[in-house]
Amino acid sequence: MHEHSNDGVIATGNAQVRNAVVASGSNARVDFRVTEGEGARAADGRPPTPQEISALLARFVEELRRSDHPERDDLAEFAEDAREELAAPEPRAGKLRRVAKALVEAVPGFTALASLAVTIEEAVRGL
């Protein structure tokens, strides 16, 4: 293996991936927590805006619809509800946190979705 190559994390079978944490095996489970102050940041270091989080959710819905997740329609509707909440004059952060957590918990076996869901959850923490 070339020392400068990086193919990222590839997980198959009974594996879970969350950010940089991987669990593999018949009872694979990942428990990853972001502590206060470690939430997602925009490129300039500030917390993401509701519009930026909405864009992440839109991307999540696109990826979800291309996946073979058995609950993709329900999850997509849930994510769209969160986008509507973000568009409200005063978005309810508690509701958004619950949605973000539910998305993370619903997609552990779908690596690309899980990574994006964690990014959304971290971004919502900054609201």
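Nothing in this text is a laboratory measurement; each read-out follows from the coordinates by a stated rule. All values derive from a computational prediction rather than experimental measurement. Cβ placement follows ideal geometry from the backbone for every residue including glycine, while neighbour counts extend to all protein chains displayed.
What FRET efficiency comes out for the pair residue 80/residue 44, r = Cβ-Cβ distance, R0 = 35 Å, nearest 0.05? Efficiency for this residue pair is about 0.80. The packing ranking, built from the mean of other Cβ atoms within 10 Å per residue, places the peptides 89-100, 48-59, 109-120 in the order 109-120, 48-59, 89-100, highest first.
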